[in-house]
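The values are calculated or read from the model by the stated rules, or taken from the named source; none is laboratory data. This is a predicted model, so every value here is computed, not measured. All Cβ positions, glycine included, derive from the backbone under ideal geometry; neighbour counts span all protein chains shown.
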Amino acid sequence: MYTIGRIFNILAMIGFLIVLIMGIVAIAKAPDVAAQADATMTVEEARAAGITLTTVGAIFVAVYCIIFVLATHASKALNNDKKENAPHVLMIIIGVFGDIFYLLGGIFGLVAESENSNKAE
């Protein structure tokens, strides 16, 4: 489940990178964007829209990068012969607010960790 979640995470990062690039282009080409939009849009509004797109894109790319790293750590925690519940609990929390695959991966990770600790005893 973590692998499927990471695939969707990569797709989301690519999407927000496109938003980030569109924002940068909108800032750089604000007069052209305002001229092509409609007669009521000003250059300042086009620049403000570009700043908004750039800000949102940068924030979400950073968030998805952090989530990707956390998902990779949780995936590696399954096979390290130690009982680590924290990465899986964290992925459950992330899954509640976002990706269903991380939620399911966290649940299955906790189950796998408890089964591994029972086999070791």
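Observations, loosely collected:
- Filtered residues of the stretch 59-88 (kept if of a type in the set (A, V, I, L, M), exposed (fewer than 14 other Cβ atoms within 10 Å of the Cβ) and over 17 Å from the mean Cα position of the chain (by Cα)): Ala86
- Scoring Gly95 on the criteria (1) under 27 Å from Gly23 (Cα atoms); (2) buried (at least 17 other Cβ atoms within 10 Å of the Cβ); (3) touching a helix residue (DSSP H, G or I) at 6+ places or on another chain (Cβ under 7 Å) leaves a single failure, condition (1).
- Residue list for the stretch 1-22, restricted to those being of a type in the set (A, V, I, L, M, F, W, C) and loosely packed, with under 14 Cβ neighbours inside 10 Å: Ile7, Ile10, Leu11, Ile14, Ile18, Ile21
- Just one of the listed residues (Ala48, Ala37) is surrounded by 13 or more Cβ atoms within 10 Å (Cβ to Cβ) and modelled with pLDDT of 90 or more, namely Ala48.
- Of all residues in the stretch 23-34, those being at pLDDT below 90 and exposed (fewer than 15 other Cβ atoms within 10 Å of the Cβ) number 2.
- Contact annotation: residue pairs with Cβ atoms under 9 Å, 6 or more positions apart or on different chains, pairing a residue in the stretch 55-78 that is under 19 Å from Phe97 (Cβ atoms) with a partner that is outside any helix (DSSP H, G or I), are Ile67/Gly98; Ile67/Asp99; Ala71/Asp99; Ala74/Glu84.
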